[in-house]
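Computed from the coordinates by the stated procedures, all read-outs in this text should not be read as laboratory data. These figures come from a predicted structure and were not determined experimentally. Glycine also receives a Cβ, built like all others from the backbone with ideal geometry; neighbour counts cover every protein chain displayed.
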Amino acid sequence: MIQFAAVNKYYGDFHVLKDINLKIEKGEVVVVIGPSGSGKSTMLRCINRLESITDGKLTINNTEVNDKKTDINQLRRNIGMVFQHFNLYPHKTVLENITIAPIMVLKQTKEEAEKTAMYFLEKVGIPDKANSYPSQLSGGQQQRVAIARGLAMKPDIMLFDEPTSALDPEMIGEVLDVMKALAKEGMTMVVVTHEMGFAKEVADRIIFMDHGQILEQAKPAEFYANPKEERARLFLSRIL
Ligand code: ADP
Ligand code: MG
């Protein structure tokens, strides 16, 4: 479903992604970890072309992401993204936040979009917040709205960039629970997170990045018990 083949990316002279080779199958849950600045967010952002690659080949469902002929809106519609800082529209209600893209982009009617929005709000456990504004919600609730907003576009792929790292500790669990449920339903997910419990429970693979390279790929149990790379060991010893 997602394939990086010898992908490199530079920011000016800075080589941020180095010869990335990665193949993610439909329904796979891949957790990406690594030190700050190692290129995790950049790799994720290349998938929906929030960043473009410098060379190599990146394909989603056999469509080349950076090909001029690729319909970028079509591509993005199919890929949901959840950020560390939620990125909700502060002056719109929860329901409006979720329905805006389905109405504008998918041309759904307001009724249709609201019905879908309520379905996903039920799913993330906060249907009673439909008419609230983001500022009236806790961080954990706002992040669940952001997930519902992503799902309302019925994407094939969901990308998560440190979705719980801005949350107070007591709210992390409620967001991870929603993500675990999604993983178990078979969503293809790429998740940048250092939450080991989540990784162990639902990840098919852990990818360890350092200095723009994928240094190690392994099953979670294997990786956490016995990382092969010295830098991965060092990194784990710091975060655990
Ligand atoms: P991570 O998510 O692993 O912390 P990032 O992908 O955000 O890493 O960043 C990788 C490196 O690229 C960092 O050194 C960062 O400073 C640099 N970087 C990120 N975005 C840009 C940009 N738009 N322009 C120049 N350098 C950037
Ligand atoms: Mg990052």
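Equivalent ellipsoid of segment 1-107: semi-axes from √(5λ) of the C-alpha gyration tensor, largest first, are 26, 18, 14 Å.
For n ≥ 4 DSSP H runs only, could you compute -39500 (n - 2.57) per run for the chain, divide by its residues and tell me the 222 nm figure to the nearest 500?
-11000 deg cm²/dmol
For segment 34-90, the Stokes-Einstein estimate of translational diffusion at 25 °C and a viscosity of 0.890 mPa s comes to 193 µm²/s, using the Kirkwood hydrodynamic radius over alpha-carbon pairs. Between segment 84-160 and segment 1-54, the alpha-carbon centres lie 27 Å apart. Rounded to whole numbers, the Karplus 3J(HN,Hα) couplings from phi for segment 180-197 are 5, 4, 4, 4, 5, 7, x, 5, 7, 9, 10, 10, 8, 6, 9, 6, 5, x Hz, using 6.51 cos²θ - 1.76 cosθ + 1.60 with θ = phi - 60°, and x at Gly and Pro. Annotation note: GluC sites (Glu not before Pro) in segment 1-68 located in DSSP loop regions with a Cβ neighbour count of at most 14 within 10 Å are Glu25.
The percentage of C-alpha pairs in the chain whose separation is greater than 23 Å is 50%. Using R0 = 22 Å, the C-beta based FRET efficiency linking Ala6 and Glu229 works out to 0.60.
Applying the criteria of a DSSP loop state and at most 14 other Cβ atoms within 10 Å to the GluC sites (Glu not before Pro) of segment 164-197 yields Glu185.
Order of Arg76, Arg238 from fewest to most other C-beta atoms within 10 Å?
Arg238, Arg76
Taking Cα atoms, how many degrees apart are the long axis of helix 139-151 and the longest axis of the chain, rounded to 10 and kept between 0 and 90? Helix 139-151 sits roughly 90 degrees off the main axis of the chain. Once Rg and the Kirkwood radius are both taken over the C-alpha atoms of segment 144-188, their ratio Rg/Rh works out to 0.95. Applying a threshold of 26 Å to the alpha-carbon distances of Lys92/Lys200; Lys40/Lys184; Lys9/Lys69; Lys23/Lys68 flags Lys92/Lys200 as lying beyond it.
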